[in-house]
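Structure first, commentary second.
The values are calculated or read from the model by the stated rules, or taken from the named source; none is laboratory data. All values derive from a computational prediction rather than experimental measurement. No Cβ is skipped: glycine too gets one built from the backbone with ideal geometry, and neighbour counts run over all protein chains shown. For the accessible areas, the whole protein counts, side chains as well, though only heavy atoms, and no ligand, DNA or RNA atoms are used. Shrake-Rupley method; radii C 1.70, N 1.55, O 1.52, S 1.80 Å.
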Amino acid sequence: MTVQEDHHGAEVAERTEKRWATVSVLIIILLAVLAAFAGIHRATMPQARVETIDPTRLHISGEFVESNLGSVLESNSAVTVRAIGQQYSFTPACILVPAQTPITLRATSADVVHGILIQATNVNTMLVPGYVSEQFMRFERTGDYLMPCQEFCSFGHEGMWGKVKVIDKTAFAERAKNGGRLSCVGE
Ligand code: CUA
């Protein structure tokens, strides 16, 4: 092998190496773009199932009239909680639920965008006027959880707090046996 041939071989090797390095960097960029697109697309698109509601008529008729707010024990022994956020409180201000029970939270806003966050849980959803927010939750232990509004909703925002009180399953069933809507407001 001559010196020239040897030099040529090194050049070919270097070119090939660079080409493959470029390909692998492009693959990494492509994967990153795909991941970013999937995440952003999912976050910016409306939910697959959207429920709308007229925020100006919440108190007049339908699911979110005041007498229907609170927790209800369903026939399948799951619990549904209905709540409203408005400047600057939640109704009910204290949500009563049983431990070790599947719970569906259904909530909406009567005015501007609010948020419900239940501390020490992964419950965190926005309340948007015109839409029903639904979130599933389950508490393994009894106790009190703070529930601040987590979306700036004007000057009273910092004072907008609710509470979730998780009680024993049988105690809840006892309180729910007459039907009606339960809450722990004033307890
Ligand atoms: Cu309601 Cu912040």
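Just so you know, in region 130-181 the residues that are assigned to a loop (DSSP other than H, G, I, E, B) and hydroxyl-bearing (Ser, Thr, Tyr) include one that is farthest from the ligand (Cβ to nearest atom), and it is 142. Given the conditions (1) within 16 Å of the ligand (Cβ to nearest atom); (2) surrounded by 17 or more Cβ atoms within 10 Å (Cβ to Cβ), which single one is not true for residue 119? Result: residue 119 passes all but (2). When region 51-99 is limited to residues that are touching a strand residue (DSSP E or B) at 6+ places or on another chain (Cβ under 9 Å) and among the charged types (D, E, K, R), the one that is most open to solvent (accessible area, probe 1.4 Å) turns out to be 66.
The residues in region 122-147 that are more than 14 Å from the chain's Cα centre (by Cα) and either surrounded by fewer than 16 Cβ atoms within 10 Å (Cβ to Cβ) or over 16 Å from residue 55 (Cβ atoms) (or both) can be counted, and the count is 9.
Of all residues in region 165-178, none that is surrounded by fewer than 16 Cβ atoms within 10 Å (Cβ to Cβ) has its Cβ atom under 6 Å from the Cβ atom of a residue that is among the aromatic types (Phe, Trp, Tyr) and modelled with pLDDT under 95, 6 or more apart or on another chain.
The set of residues from region 48-72 being of a type in the set (Ser, Thr, Tyr) and part of a loop (DSSP other than H, G, I, E, B) comprises just one member, 61.
Hey, does region 24-41 have a residue that's modelled with pLDDT of 95 or more, out of contact with any Gly (no Cβ under 6 Å at 6 or more places or on another chain) and open to solvent by less than 70 Å² (accessible area, probe 1.4 Å)? Yes, region 24-41 contains at least one residue that is modelled with pLDDT of 95 or more, out of contact with any Gly (no Cβ under 6 Å at 6 or more places or on another chain) and open to solvent by less than 70 Å² (accessible area, probe 1.4 Å). From the list 115, 85, the one residue that fits, being in contact (Cβ under 8 Å) with a residue 40 or more places away in the chain and out of contact with any Phe, Trp or Tyr (no Cβ under 6 Å at 6 or more places or on another chain), is 85.
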